[in-house]
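The values are calculated or read from the model by the stated rules, or taken from the named source; none is laboratory data. Keep in mind it's a predicted model, so treat the numbers as computed, not measured. Here the Cβ is made from the backbone with ideal geometry for all residues, glycine too, and neighbour counts use every protein chain on show. Ligands, DNA and RNA are stripped out before the accessible areas are found, and what is left, the full protein with its side chains, is counted by its heavy atoms. Shrake-Rupley method; radii C 1.70, N 1.55, O 1.52, S 1.80 Å.
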Amino acid sequence: MRITEARVIVCSPGRNFVTLKIVTEDGVSGVGDATLNGRELAVAAYLREHVVPVLIGRDARNIEDMWQYLYKGAYWRRGPVTMSAVAAVDTALWDILGKVAGVPVYRLLGGRSREGVTVYGHASGSTSDALLSEISHYVRLGYRAVRVQSGVPGLPSVYGVSEGRAYEPASAAVPVESVWDTDRYLDHLPRVFADVRAEFGPGLKLLHDVHHRLTPIEAARLGKSLEPYALTWLEDPVPAELQEGFRLIRQHTTTPLAVGEVFNSIWDCRQLITEQLVDYIRATVVHAGGITHLRRIFDLAAIYHVRSGSHGATDLSPVCMAAALHVDVAIPNFGLQEYMPHSAETDAVFPHGYRFEGGYLHPGEVPGLGVDIDEELAGSYPYRAASLPVSRLTDGTLHSW
Ligand code: EZ4
Ligand code: CO
């Protein structure tokens with residue numbers, strides 16, 4: 001089953017997406033997400049210049065060999081651009097294999113380990129009232145888990161807080177600059193969670209994303225101060241290049257830790273997993289080398305009591321979401337799946353079979369991934385340059401965003 005064609009499709013139905021479509025000699029096609037927020041064209045060029053030419057003529061059924069060829073064969077391994085490109089090929093090949101076999105991809109991954117994929121929604125508010133009412137909205141929709149992000153008094157804007165609009169941090173072509181103050185944040189956040197727990201009681205799972213803003217000892221203090229509110233996880237408490245930094249956080253708090261949305265390979269999380277320094281690993285299909293490599297990460301995690309918690313923001317396309325759901329429903333150590341619904345424009349460009357029902361997402365029973373791209377419609381939404389913001393401390397020092 002030779003590959004005869006591969007198309008790289010860049011479109012912007014509300015936000016930018018890069019999609020790879022692979023076609024075989026018998027006319028079966030598969031799709032893979034290659035979107036890297038704010039760096040879309042770098043991945044599109046990597047695919048067009050260095051990957052598509054070597055795909056033509058290869059057997060689409062040898063998924064593992066293709067992965068090794070694109071990873072080891074490139075010499076320059078890893079990194080978000082390379083691994084998003086590898087992921088797109090891998091995802092498209094799983095889609096093709098499922099279609100050829102006539103089964104949804106989760107069957108090829110070992111079948112169903114659960115009835116549905118528990119998801120968490122994003123609630124935010126610049127005031128306590130706004131926040132509580134957004135959380136109520138998710139509870140009414142049946143969500144069992146909610147990520148809680150709050151404005152901080154004295155800061156004009158805070159990541160993750162969208163004021164009623166759909167949250168989309170990549171905006172201007174040149175990055176917007178925001179101001180950050182760790183002291184104000186550390187002082188304010190425990191009050192927010194005190195209000196939320198008092199209002200919703202112990203049943204609702206609560207999560208919070210620190211977005212790489214703290215040092216290990218600051219994160220340890222935050223984790224301790226949030227213990228009374230029993231969070232399900234504290235996400236990205238510190239930048240994770242220094243994996244041993246998590247030891248310090250671990251020594252001080254029982255608040256569970258989640259990390260990994262910017263990870264690209266099993267090596268990025270190896271120490272965090274094998275030393276049991278985190279509780280949830282948030283790597284994704286698109287940014288961590290596709291279904292093949294993500295499964296490898298989650299299998300390593302399983303033997304160290306670490307569960308999955310895949311990133312699922314709107315910059316990961318419906319193709320990535322579909323692929324994630326097949327993995328989520330199949331693996332033994334699934335934890336939670338992030339879910340931010342896409343815009344109506346995006347959903348129309350990417351027709352899909354997955355569906356939300358009572359707090360769960362279901363991958364559906366369509367052979368393959370159950371998602372496609374409407375290329376004609378995609379063509380009516382041309383690429384628009386958009387960058388993620390940068391962050392500075394009040395004295396002007398550049399900080400992690
Ligand atoms: O900032 O997806 O957990 N979710 C997040 C996201 C990320 C964006 C980056 O592209 O942290 O909102
Ligand atoms: Co995050």
(Q) At 1.4 Å probe size, put 61, 39 in order of accessible surface, largest to smallest. (A) 39, 61
Q | Relative pair counts by distance (%), Cα atoms of the range 94-240, 5 Å bins | A | 2, 8, 16, 18, 16, 12, 9, 7, 6, 4, 1, 0
Q: Run the numbers on the range 245-301 and let me know its relative contact order in percent, using alpha-carbon pairs under 8 Å that are six or more apart.
A: 37
**Q.** Label point distance in nm, residue 397-residue 168, each placed 7 Å from Cα along Cα→Cβ
**A.** 3.5
Q: Mind giving me the nanometre distance, one decimal, between the label points for residue 227 and residue 68, set 7 Å out from Cα along Cα→Cβ?
A: 4.8
Q. Hey, rough spin-label estimate for residue 179 and residue 101, points 7 angstrom out along Cα→Cβ, what's it come to in nanometres?
A. 5.6
Q) Given springs between every Cα pair under 10 Å in a Gaussian network model of the chain, which of 93, 36, 388 has the largest fluctuation? A) 388
**Q.** Per-q log10 I(q)/I(0), the range 48-114, q = 0.15, 0.19, 0.20, 0.22 Å⁻¹ (Debye; single scatterer per alpha-carbon; no solvent)
**A.** -0.53, -0.78, -0.84, -0.95
Q. How large is ³J(HN,Hα) for each residue in the range 4-13, as worked out from phi by the Karplus curve 6.51 cos²θ - 1.76 cosθ + 1.60 (θ = phi - 60°), to whole Hz, x for Gly and Pro?
A. 10, 7, 9, 10, 9, 10, 9, 8, 9, x
Q: Using DSSP to define loop residues, name the chymotrypsin sites (Phe, Trp or Tyr not before Pro) in the range 42-82 whose beta-carbon has at most 13 other beta-carbon atoms within 10 Å.
A: 75, 76
(Q) I want to make sure I understand the PRE zone here: with the label point 7 angstrom from the Cα of residue 2 toward its beta carbon, which residues in the range 87-127 have backbone N atoms less than 20 Å away? (A) 93, 96-97, 100
Q. In whole percent, how big is the carbon plus sulfur part of the accessible area of the range 108-365, probe 1.4 Å, protein atoms only?
A. 53
(Q) Per residue, how large is the accessible surface of the chain? Use a 1.4 angstrom probe and give square angstrom. (A) 39
Q) Taking a ≥ b ≥ c as the square roots of the eigenvalues of the Cα gyration tensor of the chain, is the shape rounded (a/c under 1.5), prolate (a/b larger than b/c) or oblate? A) prolate
